[in-house]
Amino acid sequence: MAEDKEIKDLVEKKEKSKKAKKEKKAKTKQQKCAIVLGIILVVLFVLTLGTKIAINPNMPTYNNYAYMIMPKSIKTVFDDKEMTLYIEKNKDYDKTKHQPLEAFKVYYYEDDDTSKEKIYLKNGITLKGEKEESNLMVLQFLTNGTLTDSIIRAVLNRTLIGLSVLLGIYLIFVWYVVWSMKYDKQHK
């Protein structure tokens, strides 16, 4: 009988030990998941915030962003003739010497034949014809890109708000878990 009781106690001890190991393993797995989730939230928040800062007009990266959202060609009527204008980055652009709109060059092809040589507008931005002159053709490209820009900015703003809320919830969750662990230790 004494042996049976000892065996029973050993079996119960072993089962408790296995159960404790399983619980510890489950807690460790949950902690790892919570840490990974936190890291993902922080990385997404930093990337979104960095993107929002990078597309600010005062940043050096703004010209690349503006070029990215602009249409690469637009059709226009000039001197009673329909033509297609194209845009490219001005390789000679220096922001200390040039105006921001000079960061781009606008060109067209004679008779819209792309096999012919590119004809650049005066200063890359002024179209001069027999009947009329149109300055700042770059603005047409920029104006066409503003819809895309407003959509991108709205998505970034909403994403930042959503990530901020999620980060706040995550921090409250972490605080609660830490508090409950301390509470459990104190009351054992």
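Descriptive notes on the structure:
- Total residues in the stretch 54-92 satisfying the condition of being in contact with a Phe, Trp or Tyr (Cβ under 8 Å, 6 or more places away or on another chain), open to solvent by 60 Å² or more (accessible area, probe 1.4 Å) and either aromatic (Phe, Trp, Tyr) or at pLDDT below 80 (or both): the figure is 0.
- Residue in the stretch 133-143 that is open to solvent by 30 Å² or more (accessible area, probe 1.4 Å), modelled with pLDDT under 90, part of a helix (DSSP H, G or I) and of a type in the set (Val, Ile, Thr) present: yes
The values are calculated or read from the model by the stated rules, or taken from the named source; none is laboratory data. Quick caveat: nothing in here was measured; it's all calculated off a predicted structure. For neighbour counting, all protein chains shown are included, and Cβ atoms are generated from backbone atoms with ideal geometry for every residue, glycine included. Ligands, DNA and RNA are excluded from the accessible area calculation, which covers all protein heavy atoms including side chains. Shrake-Rupley method; radii C 1.70, N 1.55, O 1.52, S 1.80 Å.
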